[in-house]
């Protein structure tokens, strides 16, 4: 960490002559990287010498910076084999970061070699086809409809005390909370020890020590230098205490951490998240620690989320700022706040594919782990008593002493959620709800939001409920939860099907051409391909290896219980992976369904596979626990 380095280039630094001047003042910046985010959330990385960048700077700044044949980005049904050329165009409206390689010193300056990271849009046949562009358009659409609402609605003008003529600009702010697991390279988790520690909350906000402490502190210091404004770093609920070895160092590190930072514009939020993930990896590697951002890296142990916060405000021409969700002390929120929340809840089936998009993500969304599985919100019992219900999908965060901080927290995202598309889909759904709510009173909207299943409603679905202050898992049976809040998807395929099951909700995403039919088809095709490829090439082989490690230890005829316990293990092993003359193993059944492209069967069998693997793990544990001796 050196203060003689330059860490960010702001919008005003991106004028041609200014940019060239800064690069020449900092010759340790040796490379430029073009960073575009495709629909699946993959970010590109390149190494272009700065000398070449300066030589052709007009194209990099004002034209197409570079082109690829499409193999470096994932755009199925768009960048096809016979039409694969994709162009990149720099986004000059956000901050650019300089990443430094602490392992490589520039011989001329004695400083670490730097790479200027340039956020880019992706164009195919002259049309933008990337996550960044979709979010840009979603923001434009939201702002346009807010101004129109304040121009047309006397109800809004009366509620807020101003009209569209008084508004200088509409601001959207967002932020994410990044959770991750860190471990020593040779450490594997003792599930029982981890589970016990989790139940006792021994790690939650406890003190970080040794290399973990140093890595967290260095990360927060670097975030400050990059202007990301960290709020805190702390231990999360998962993990066990590391042990001190004879050399005075901690070994056996296995901890869950969280790092938070302040809000920003939506596009900047997406860039912050990508940058901080890379920063965390690089810093922790320097301390000999591995980091994973998987949503559920350990079975039966708390997964990692990335709660996403969103808010909207206006700056009036008189200089005053007003939060569009906040209202008087007698209401939970404004009519725009109610409309935004109701829009997300009503249309969440088509938002969810952009939030929960992987097999790993669905492992986290299981009842009992404080990760939301039902489309339901919480406001609090009274406006002056904020809700802290951790079992709901989306909650209202409200502080009477800080009206500008009023916002929504979506609890379902995970560290690999594509934040650009997550926020884009939320904004489009919020717009839909606002267009409904703009002429309604807060009292009428609260009544509709709080309705019971079967009660009539003008906007929300009649047969559903959308608000509860109860524990979604403990206070409802499985049948009640599904009757009140709908049946939650359990696989990626079930989630993708929402695009076909709810065409009227897909139309909400398409408003103002923000999400085109081509974009949605490409995204769905990409998720589908990743889903079944991962099942075939990663999940099934991994489970086969695990099954083969379930070995018999007892001697036949010594203890009948040991034989009975092992027989149960053996039956589950056969059911999962063995073809017999009487039946077919689940894995083989799944691969047959994949060959036939019968994705409904594959999805249903995937759920059976998870159940049997869970049963096998428990059965094998009980078998080993009962043994007197293991040779």
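The values are calculated or read from the model by the stated rules, or taken from the named source; none is laboratory data. Keep in mind it's a predicted model, so treat the numbers as computed, not measured. When we count neighbours, we look across all protein chains shown, and the Cβ atoms used for this are built from the backbone with ideal geometry, even at glycine.
Every residue, every condition in (1) at pLDDT 95 or above; (2) outside any strand (DSSP E or B); (3) not assigned by TED's automatic domain parsing to the domain that holds residue 178, yes or no:
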position	(1), (2), (3)
248	no, yes, no
256	no, no, no
267	yes, yes, no
270	yes, yes, no
278	yes, yes, no
285	yes, yes, no
296	no, yes, no
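Considering region 373-400, the residues that are in a strand (DSSP E or B) and touching a helix residue (DSSP H, G or I) at 6+ places or on another chain (Cβ under 8 Å) include one that is farthest from residue 472 (Cα to Cα), namely 397.
Can you tell me how many residues in region 512-539 are farther than 30 Å from residue 143 by Cβ and in contact (Cβ under 8 Å) with a residue 60 or more places away in the chain? Break it down into steps so the answer makes sense when it comes.
Step one: of region 512-539, the residues farther than 30 Å from residue 143 by Cβ are 525, 528-539.
From what is left, the residues that are in contact (Cβ under 8 Å) with a residue 60 or more places away in the chain are 525, 528-532, 534-535, 539.
Of the residues in region 512-539, 9 are farther than 30 Å from residue 143 by Cβ and in contact (Cβ under 8 Å) with a residue 60 or more places away in the chain.
In the set 591, 568, only one residue is touching a helix residue (DSSP H, G or I) at 6+ places or on another chain (Cβ under 6 Å) and either farther than 30 Å from residue 76 by Cα or in a helix (DSSP H, G or I) (or both); that residue is 568. Set side by side, the residues 99, 93 differ, and just one is at pLDDT 85 or above and within 24 Å of residue 219 (Cα to Cα), which is 99. Filtering region 322-336 for residues that are assigned to a helix (DSSP H, G or I) and either over 17 Å from the mean Cα position of the chain (by Cα) or modelled with pLDDT of 95 or more (or both) leaves a non-empty set.
Going by the structure shown, is residue 77 in contact (Cβ under 8 Å) with a residue 24 or more places away in the chain and at positive phi?
So residue 77 fits the description; yes.
Go through region 376-394 and give me each residue that's farther than 11 Å from residue 468 by Cβ and within 18 Å of the chain's Cα centre (by Cα). Matches in region 376-394: 390, 394. Taking (1) in contact with a helix residue (DSSP H, G or I) (Cβ under 6 Å, 6 or more places away or on another chain); (2) surrounded by fewer than 24 Cβ atoms within 10 Å (Cβ to Cβ); (3) assigned to a helix (DSSP H, G or I) in turn, residue 342 satisfies each apart from (2).
Each row is one residue, and each column tells you yes or no for (1) crowded, with 21+ Cβ neighbours inside 10 Å; (2) at pLDDT below 95; (3) in a helix (DSSP H, G or I).
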{"residue": "495", "(1), (2), (3)": "yes, no, yes"}
{"residue": "505", "(1), (2), (3)": "no, no, yes"}
{"residue": "508", "(1), (2), (3)": "yes, no, yes"}
{"residue": "515", "(1), (2), (3)": "yes, no, no"}
{"residue": "518", "(1), (2), (3)": "no, no, yes"}
{"residue": "531", "(1), (2), (3)": "yes, no, yes"}
{"residue": "535", "(1), (2), (3)": "yes, no, yes"}
{"residue": "544", "(1), (2), (3)": "no, no, yes"}
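From the list 556, 581, the lone residue that is out of contact with any helix residue (DSSP H, G or I) (no Cβ under 9 Å at 6 or more places or on another chain), farther than 20 Å from residue 491 by Cβ, surrounded by fewer than 18 Cβ atoms within 10 Å (Cβ to Cβ) and modelled with pLDDT under 95 is 581.
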